[in-house]
Each structure stands twice: as C-alpha cells, then as structure tokens.
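Readers should treat all values here as calculations from the given coordinates under stated rules, not as data from a laboratory. In this text the structure is predicted, and so the values were computed from the model without any measurement. Cβ placement follows ideal geometry from the backbone for every residue including glycine, while neighbour counts extend to all protein chains displayed.
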Amino acid sequence: MCIDKDVNPMELEKLIKKITMEVLNQLKAEEKATILQQKKILVWTESWEMKEQLSAKLKLPIEQLQDRIQFRGLEEIESYDAIILPEVSVGEMVHIALGIQQGETETLVSKALLLGKKVCMLRDGLDYRESEVTANPAYYKMLQGYETQLSHFGISLVDWEELELSGETGQPYVSREQSRAYCVSGRLITESLLEELFLKGYQEIGVAKNAVITPLAADYIKQKQLKITRGLGESEKGSSL
C-alpha cells in the first residue's frame, strides 16, 4: 500500500485505527460464526413449528436443533451444549424444583443439571402462569416459589424476546435481563412486590428516597442479592405494576 508523503500524520493515524478496528471486528464475527456452527442444542418439544421458530430466533440452522422425537436417550445429553424447554407443566415444574425424577422431562433436567449443562425454560411456557387471574392467591404464590427454586438451580427462565445465543459460548442466555432495572413509584416496598419483580427478571430496583422497606422485603433483598437504589425524585415518573 502506497501512502502519500503529504498526508497529515493525524489523518494517517485515524485511517490506520479505522482499518485496524474493521479487521478486528471481522475476526470477531468469523470467530462467533465458527462457535455457533459447532453448537448442538436439544429443544424439548415435538412441535416442528416451535423448532422452526427457535431456529429463526437463535439464528441457527434447524439441523443444529434436535427435538424430543430425535432424542435417543439420557446417554446423549453429554453431546448437547444446551437444552431448551419451551413448555413445562405444573407437575413437571414442581417435580424439578423438588428434585423428583418422576417423568421423562424431570429426569432429563436432573441429568442435565448434574452434568453442568445449560438449561433454559421459556416463561410463557410455564403453564401455571395462564391461571394467574383465576388461581387461588396462596396456591399461585406457592407455585411462584417453585419457579424461583428453578432459578436457584441455575436454570435460565427467559422471555421469548430475550432469548439469544452468546457470541462467546454459543449458549442460550438472557441478553438484557441481568442489566434491566425497574423503578417503583410506591412508598411501601413489600416482599411480594420484590418477588414479583424478581420473577420477571429484575435484579436492580430503584425506589424513592423515603420509601419504606418491610423487614420481610429486606430479608428477600439479601437472599436474592437485589440491588436497591434510593433517590427516585418526587418529580420523576416511577413505574408501577
């Protein structure tokens, strides 16, 4: 490459920096593509339509997604990089949370967790959530507790729009969940409010300067390691559930 002797040194430096950044970006893109091409994911469904939707969402060839029909047995779990469960029944969720291997789904998840495999569940696929309006409040809260237990096991509970593949590992993960914050406009911060926000994926919560945090809420903050930021001004608009 020939460089004009009359080129301004500062302009030359900018040009070199731009070329270097373009080369680095290209190398990163090629590396990410290579990683994703090597991934093999088990989608725990018999629905071809769901499989196609996940293929498009994760930007992976459908051949790299194997479904429940193609699954040959627990001995195959080692070969998968991750497992995605689009739908989980109430019974399956409770059994998994309690460590009970009663059905095929529960046994699969248990084996995957023991092997340290990444397990993802779609929040919309937890069928108990469909009964939020009609369910007995105490019973529904109990089921929410089982859902929380799943997250304690390292199972990723994700919304559809948040499901992506990490460029570094090629595993499904929540792209924005860990950094999402929520501002509460109310003055009373209760355990039930924090639990509802936590289950929706919020780990950083902004509250008013004079907000009152109940003792049970304070314990919940410590248990879940939530980040509470005080200082939501009176003139600022807070969010509410």
Hey, which of these cross-link pairs are over 28 Å Cα-Cα: Lys51/Lys118; Lys17/Lys57; Lys141/Lys224; Lys51/Lys111; Lys51/Lys224?
Lys17/Lys57; Lys51/Lys224
Those chymotrypsin sites (Phe, Trp or Tyr not before Pro) in segment 73-174 that DSSP places in a loop and that have at most 16 other beta carbons within 10 Å:
Phe153
In this structure, the FRET efficiency calculated for Asp124 and Leu74 from their beta-carbon separation, with R0 = 35 Å, to the nearest 0.05, is 0.85
Could you point to the residue in Gly73, Leu108, Ala56 farthest towards the positive end of segment 50-122's charge dipole, with +1 and -1 charges on the Cβ of Lys/Arg and Asp/Glu respectively?
Ala56
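Roughly speaking, what is the stretch gain from Ala138 to Lys17, that is 0.36 nm per residue apart minus the C-alpha to C-alpha distance, in nm to one decimal? Can you show the working numbers first?
On the way: separation 121, 0.36 × 121 = 43.56 nm, distance 6.06 nm.
Gain on stretching Ala138 to Lys17: 37.5 nm.
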Once the piece of chain linking Gln149 and Lys59 is laid out straight, how much longer is it, given 0.36 nm per residue of separation minus the C-alpha distance between them?
29.4 nm
To the nearest 0.05, the calculated FRET efficiency linking Leu114 and Leu216 through their beta-carbon distance, R0 being 25 Å, is 0.15
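Can you compute the FRET efficiency between Glu196 and Ser47 using 1/(1 + (r/R0)^6), with r the Cβ-Cβ distance and R0 = 25 Å? Round to the nearest 0.05. Mind showing how you got there, number by number?
Values: r = 30 Å, r/R0 = 1.19.
Computed FRET efficiency for Glu196 and Ser47: 0.25.
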Spin-label point model (7 Å from Cα, Cβ direction): what's the Lys224 to Glu161 distance in nm?
2.1
